[in-house]
Amino acid sequence: MSRRNSIAITNEQNKVDITAYTKKLIRTAISKTLKSEEFEGPAEVSVVITDNEHIHELNKEYRGVDRPTDVLSFPVISDDDSIGDVDYVTGRVVIGDIVISAERACEQAKEYGHSVDREIAFLSVHSTLHLLGYDHERSKEEEDYMNKKQEEILAGMGLTRK
């Protein structure tokens with residue numbers, strides 16, 4: 001059994017160049033978030049990079065939202081309502097799936113005046129916190145916690161707002 005996280009990344013779009021560095025950035029952001037939250041891991045997370053059209057379809061289907069968003073998180077909840085489900089072959093805890101619109105990430109990076117790398121890392125951290133059960137729409141306290149945690153992790157990666 002491996003004690004390392006497994007973070008599978010699939011690029012299903014062709015509008016934004018997703019490099020090996022981008023994939024490494026996503027893996028690092030997710031791993032640092034899990035470590036920061038003292039996740040007992042190792043974890044298994046699947047990430048799909050898509051475009052605005054596909055994430056729009058997913059938003060309509062799963063959230064009733066008729067527009068593209070930047071990211072979606074699909075946590076795995078066990079029978080006992082805890083986060084994750086153990087894969088008994090690998091020993092990893094499957095915590096969920098993340099879908100990132102690379103197209104929307106580029107738009108937001110430009111809008112917020114920072115790099116696309118920072119935006120994609122931010123979305124990776126943000127969605128991992130959602131996989132771990134946090135929800136900024138549930139309470140102001142959770143929103144504040146997520147904002148603080150996201151900035152701490154990104155600063156630790158050298159990805160500050162500039």
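Only the coordinates and a few stated rules stand behind these numbers; no lab work does. Keep in mind that this is a model prediction, so the values were computed, not measured. Here the Cβ is made from the backbone with ideal geometry for all residues, glycine too, and neighbour counts use every protein chain on show.
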Any residue at all in the stretch 118-128 that's part of a helix (DSSP H, G or I) and touching a Cys at 6+ places or on another chain (Cβ under 8 Å)? yes
Suppose we filter 25, 34, 72 for residues that are surrounded by 12 or more Cβ atoms within 10 Å (Cβ to Cβ), free of Cβ contacts under 8 Å to residues at least 60 places away in the same chain and of a type outside the set (Lys, Arg); which single one remains? 72
What pairs come up if the first residue lies in the stretch 131-147 and is part of a loop (DSSP other than H, G, I, E, B), the second is charged (D, E, K, R) and surrounded by 14 or more Cβ atoms within 10 Å (Cβ to Cβ), and their beta carbons are under 7 Å apart, counting only those six or more places apart or on different chains? 132/37; 134/142; 135/142; 136/142; 136/143
Residue check, residue 102 among the small types (Gly, Ala, Ser) and surrounded by 16 or more Cβ atoms within 10 Å (Cβ to Cβ): yes
Do you know which residues across the stretch 39-67 are assigned to a strand (DSSP E or B) and either surrounded by fewer than 18 Cβ atoms within 10 Å (Cβ to Cβ) or hydroxyl-bearing (Ser, Thr, Tyr) (or both)? 46, 50
Yes/no for residue 89 being surrounded by 14 or more Cβ atoms within 10 Å (Cβ to Cβ) and either of a type in the set (A, V, I, L, M) or touching a residue at least 40 places away in the same chain (Cβ under 8 Å) (or both): no
Whichever residue in the stretch 109-137 is surrounded by 19 or more Cβ atoms within 10 Å (Cβ to Cβ) and out of contact with any Ser or Thr (no Cβ under 9 Å at 6 or more places or on another chain) and, among such residues, is nearest to residue 44 (Cα to Cα): 122
